[in-house]
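Participant: Below is the structure I would like to discuss, written out as structure tokens.
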Amino acid sequence: MESLSLLLGGFANALSPVNLLWAFLGVLLGTAVGVLPGMGSAMAVALLLPVTFRMDPTAAFILFAGVYYGGMFGGSTTSILLNTPGQASSIATTYEGHKMALGGRAAQALGTAVIGSFIASIVGTLIVALFSPPMVALALQFGPGEYFALTVFSFVAIAAVVSGSALRGIAALLIGLLIGMVGIDGQSGAARFDFGLPVMLDGIDIIVVTVGLLALAEVLYVVSRGNAAPDLKAIKTGAPWLSRRDMRRSAGPWVRGTALGSAFGPIPGSGAEIPTFLSLGLERKLAARREQRGGEPSEFGKGAIEGVAGPEAANNSSAAGTLVPLLGLGLPTSATAAIMLAAFQQYGMQPGPVLFERNADLVWTLLASLFIGSTLLLILNLPFAPLWAKLLKLPKPYLYAGITVCSVLAVYAINSSIAHLVMAVGVAVLGFGMRHFGVPVAPALIGVVLGPIAETELRRALAASSGDPSILVGSGISIGLYVLVLAAAAFPVLSAVRRARARKAEQNAAEPEETPVA
Amino acid sequence: MMSERTAATAEATAGADPAAEGAAPGAGVPAPAAAPEAAGGSPGGAAPAAPAAEAGVAAADAGAPAAPDPETTPWTGRSAWVFPAVTAAFGLLGLSGLATIETPPHAASPGPTVFPAVVGALLLVLAACMAVVNVRVARRGPSAAPPLPPVEWRPTLIVLAALVAATALLQALGWLLTGALLFWAVAYAFGARDHLRDAVVALAMSAAVQVGFSLGLGLSLPGGVLELMLP
């Protein structure tokens with residue numbers, strides 16, 4: 001209970017009219033930047049960080065928290081409305097979210113995203129505030145072998161979004177892995193696939209890949225379809241509020257998404273991508289089971305609200321979770337966390353095991369700011385969800401021209417470098433090809449994000465054991481993860497057997513066998 | 001095991017695509033792929049093999065959507081060979097790392113060339129599997145399955161050209177003009193024909209970004225020629 005009183009102290013520091021104004025401004029600016037296609041929370045925080053340097057730490061953290069949550073919500077907004085996610089962690093939202101928007105339920109998708117984000121960030125931040133020390137202890141248990149097991153697990157998790165041929169999904173993943181290998185190899189220092197160009201030594205920035213593969217490729221894909229592409233303008237934005245049915249169907253996914261995000265967030269390197277995809281897969285399975293049992297039919301593939309509520313909650317609670325390694329170990333585990341680390345250092349704070357003792361007041365103020373930021377996000381953006389949905393009413397040429405200009409700007413803003421633009425155009429052409437030929441893009445992106453971690457940790461593990469592969473299954477954590485991998489792989493095979501049997505039974509007798517799938 | 005998964009995949013394909021009602025030939029599509037893929041997966045170690053298994057599975061799960069999904073549409077015609085070729089090219093690139101990557105003398109045991117080579121080899125295997133699938137689809141003759149939607153090349157190339165031009169001109173022309181040009185060209189490709197209004201909107205948009213980001217957020221956008229002309 002000591003932490004609770006400390007948290008209240010943080011609130012006392014953070015809650016003042018001026019600070020509330022900063023939080024308000026932060027949410028507004030963050031949403032405004034995040035809602036630009038191709039830009040998400042990392043970009044919003046990076047762009048606004050210099051502004052905070054002139055402020056006192058408390059006000060800076062408040063502004064920061066607002067920008068962070070605003071940016072994250074803004075990134076999800078574009079995933080839902082335009083199918084152009086601003087960050088890797090909102091990709092899972094695009095699958096059902098954009099379909100909801102196309103079906104005239106854009107405002108509901110945004111609404112469930114806002115409420116889900118709010119619940120998840122409150123719960124996630126509360127967990128961080130109350131259980132940081134044991135979570136740090138757990139995170140410290142993760143050696144190279146465990147990290148590698150975790151990445152294998154996440155490669156399996158993305159299968160939730162591969163709807164067609166397994167061949168194409170795996171090809172996309174491997175191409176992503178290869179793109180992730182460009183640049184200096186962290187283990188040996190060797191330059192890989194740099195084609196003799198110095199700019200390639202830093203690798204291909206994740207923003208370049210996200211913008212190229214998702215935003216610009218989307219523009220190219222839509223223009224290539226001509227009149228066959230769905231007309232966003234004809235979409236009805238629909239009733240602005242969530243119906244009771246929407247709320248009821250969102251509640252479960254919110255809770256489950258929050259749980260998944262909180263579980264994976266603190267593990268360094270897992271990022272928000274894994275829990276969002278896990279949540280999407282889980283909700284899809286649960287909906288299918290509900291349908292089997294005679295409940296409401298599953299709407300997955302047609303715009304299921306569960307497919308937005310779950311991943312969005314997972315995204316936000318894992319974002320709160322990334323604070324655990326950041327504050328407890330000084331280990332930034334996402335782009336945003338890395339920028340936050342820079343902000344800490346600006347104020348002479350060194351995150352790490354002693355931070356909670358040395359800078360306790362600032363830490364608790366930061367945690368309190370996160371609560372304030374997410375509350376303001378809810379207050380500001382829930383009423384405005386229908387307004388954002390009006391974005392779809394812009395004339396199509398201007399909408400996509402705007403997306404293109406913003407994407408180019410986002411890429412250029414990384415480093416004020418033309419070379420990044422060249423890479424982004426190249427990646428966009430690849431992404432367009434993948435979209436056109438029906439090759440899923442998400443596995444490629446996951447490959448780029450997690451491939452380097454997987455490779456580094458595997459090689460580090462093997463180096464530590466001088467080549468003995470048994471280190472990979474040397475702990476309970478990694479064995480547990482591999483068991484999950486095997487279970488995840490075996491499960492659908494079993495359900496396929498059941499389904500085949502059910503089909504046989506259907507052919508023999510007229511009545512289908514009552515077997516729940518998955 | 002393998003045959004059951006294949007059956008499930010086939011079922012999913014048939015279910016997803018009412019047009020391909022002749023489920024029997026459709027069922028054959030993923031089948032040849034699965035076998036060599038599993039064989040090729042073993043040298044790759046755990047990482048690539050695991051998603052292979054699971055991805056096969058996801059295909060089995062995705063029976064629900066009724067709308068034509070490009071991800072479940074088999075490739076036909078000459079363009080069917082484009083993506084296998086791209087996959088093979090990436091595979092060769094990965095393998096070429098064996099020759100182009102200079103391993104430092106004291107690098108630890110799995111050196112920097114191992115992973116690119118493994119991924120490259122797997123990509124070549126996948127490309128071969130895709131080729132087998134293509135041949136099977138082609139042998140089936142003109143099928144009931146709908147082809148991929150045609151690409152409208154003209155507007156697509158205009159957007160692409162605009163992107164390339166913007167990349168090339170940004171430093172020289174400056175953001176204001178480049179951004180406006182890009183906006184105008186993309187809007188044109190999407191069918192905007194009110195040139196004057198388009199130009200005004202484009203300039204306004206570009207200027208708003210310049211003001212917002214340069215003045216508001218301190219991001220330096222190149223001024224280009226305008227910087228030279230204005231004091």
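Participant: Of A:Leu387, A:Leu392, A:Leu367, which residue is more than 12 Å from every other protein chain (Cβ to nearest Cβ) and crowded, with 23+ Cβ neighbours inside 10 Å?
Facilitator: A:Leu367
Participant: Would you be able to say whether some residue in the stretch A:288-304 is out of contact with any strand residue (DSSP E or B) (no Cβ under 7 Å at 6 or more places or on another chain), part of a helix (DSSP H, G or I) and away from chain B (no Cβ under 14 Å)?
Facilitator: No, the stretch A:288-304 contains no residue that is out of contact with any strand residue (DSSP E or B) (no Cβ under 7 Å at 6 or more places or on another chain), part of a helix (DSSP H, G or I) and away from chain B (no Cβ under 14 Å).
Participant: Could I ask something else about it? Residues of the stretch B:90-119 being more than 7 Å from chain A (Cβ to nearest Cβ) and not aliphatic (A, V, I, L, M), which ones?
Facilitator: Of everything in the stretch B:90-119, those that are more than 7 Å from chain A (Cβ to nearest Cβ) and not aliphatic (A, V, I, L, M) turn out to be B:Gly91, B:Ser96, B:Thr100, B:Pro105, B:His106, B:Thr113.
Participant: Within the bounds of the stretch B:144-156, is there any residue that is in contact (Cβ under 8 Å) with a residue 40 or more places away in the chain, small (Gly, Ala, Ser), surrounded by fewer than 17 Cβ atoms within 10 Å (Cβ to Cβ) and not in a helix (DSSP H, G or I)?
Facilitator: Yes, the stretch B:144-156 contains at least one residue that is in contact (Cβ under 8 Å) with a residue 40 or more places away in the chain, small (Gly, Ala, Ser), surrounded by fewer than 17 Cβ atoms within 10 Å (Cβ to Cβ) and not in a helix (DSSP H, G or I).
Participant: If you check B:Leu126, B:Leu122, B:Leu163, B:Leu169, which single one turns out to be more than 8 Å from chain A (Cβ to nearest Cβ) and either part of a helix (DSSP H, G or I) or surrounded by fewer than 18 Cβ atoms within 10 Å (Cβ to Cβ) (or both)?
Facilitator: B:Leu169
Participant: Just wondering, is there one or more residues in the stretch A:72-82 that are surrounded by 24 or more Cβ atoms within 10 Å (Cβ to Cβ) and more than 14 Å from the chain's Cα centre (by Cα)?
Facilitator: Yes: the stretch A:72-82 contains one or more residues that are surrounded by 24 or more Cβ atoms within 10 Å (Cβ to Cβ) and more than 14 Å from the chain's Cα centre (by Cα).
Participant: Of everything in the stretch A:435-462, what is surrounded by fewer than 23 Cβ atoms within 10 Å (Cβ to Cβ), closer than 26 Å to A:Phe153 by Cβ and facing chain B (nearest Cβ under 8 Å)? Give them in sequence order.
Facilitator: A:Leu462
Participant: Among the residues of the stretch A:467-476, is any within 26 Å of A:Gly169 (Cα to Cα) and either in a helix (DSSP H, G or I) or modelled with pLDDT of 80 or more (or both)?
Facilitator: Yes, because at least one residue in the stretch A:467-476 is within 26 Å of A:Gly169 (Cα to Cα) and either in a helix (DSSP H, G or I) or modelled with pLDDT of 80 or more (or both).
Participant: Within the stretch A:56-88, track down each residue that is of a type in the set (Ser, Thr, Tyr) and within 18 Å of A:Leu216 (Cα to Cα).
Facilitator: Scanning the stretch A:56-88 gives A:Ser76, A:Thr77, A:Thr78, A:Ser79, A:Thr84.
Participant: Then there is this: Determine, yes or no, whether A:Tyr95 is touching a residue at least 24 places away in the same chain (Cβ under 8 Å), closer than 25 Å to A:Pro230 by Cα and of a type in the set (Phe, Trp, Tyr).
Facilitator: On the way: touching a residue at least 24 places away in the same chain (Cβ under 8 Å): yes; closer than 25 Å to A:Pro230 by Cα: yes; of a type in the set (Phe, Trp, Tyr): yes.
In short, yes.
Participant: Moving to a separate point now. Considering only the stretch A:180-220, state which residues are among the β-branched types (Val, Ile, Thr), surrounded by fewer than 24 Cβ atoms within 10 Å (Cβ to Cβ) and within 11 Å of another protein chain (Cβ to nearest Cβ).
Facilitator: Scanning the stretch A:180-220 gives A:Val182, A:Ile184.
Participant: Okay, moving on. Just to be sure, is A:Ala149 in a helix (DSSP H, G or I), of a type outside the set (Asp, Glu), crowded, with 24+ Cβ neighbours inside 10 Å and modelled with pLDDT of 85 or more? Explain how you work it out, then say what you get.
Facilitator: Numbers: in a helix (DSSP H, G or I): yes; of a type outside the set (Asp, Glu): yes; crowded, with 24+ Cβ neighbours inside 10 Å: yes; modelled with pLDDT of 85 or more: no.
Against the criterion (in a helix (DSSP H, G or I), of a type outside the set (Asp, Glu), crowded, with 24+ Cβ neighbours inside 10 Å and modelled with pLDDT of 85 or more), A:Ala149 does not qualify.
Participant: If B:Thr178 satisfies every condition in (1) surrounded by 22 or more Cβ atoms within 10 Å (Cβ to Cβ); (2) more than 9 Å from chain A (Cβ to nearest Cβ) but one, which is the exception?
Facilitator: Going through the list (1) surrounded by 22 or more Cβ atoms within 10 Å (Cβ to Cβ); (2) more than 9 Å from chain A (Cβ to nearest Cβ), B:Thr178 breaks only (2).
Participant: Here's another thing I want to ask about it. Which of (1) crowded, with 19+ Cβ neighbours inside 10 Å; (2) at the interface with chain A (Cβ under 10 Å from one of its Cβ atoms) is the odd one out, the single condition B:Val137 does not satisfy?
Facilitator: If we test B:Val137 against (1) crowded, with 19+ Cβ neighbours inside 10 Å; (2) at the interface with chain A (Cβ under 10 Å from one of its Cβ atoms), just (2) comes out false.
Participant: Does A:Ile403 satisfy the condition of being part of a helix (DSSP H, G or I) and within 14 Å of chain B (Cβ to nearest Cβ)?
Facilitator: Details: part of a helix (DSSP H, G or I): yes; within 14 Å of chain B (Cβ to nearest Cβ): yes.
So A:Ile403 passes the test.
Participant: B:Ala168 fails exactly one of the following numbered conditions: (1) at pLDDT 95 or above; (2) under 17 Å from B:Leu221 (Cα atoms). What is the number of that condition?
Facilitator: (1)
Participant: Can you spot a residue in the stretch A:111-123 that is farther than 27 Å from A:Leu21 by Cβ and crowded, with 24+ Cβ neighbours inside 10 Å?
Facilitator: Yes.
The values are calculated or read from the model by the stated rules, or taken from the named source; none is laboratory data. Worth saying up front: this structure is predicted, and the values here are computed from it rather than measured. Backbone-built Cβ (ideal geometry, glycine too); neighbour counts: all protein chains shown.
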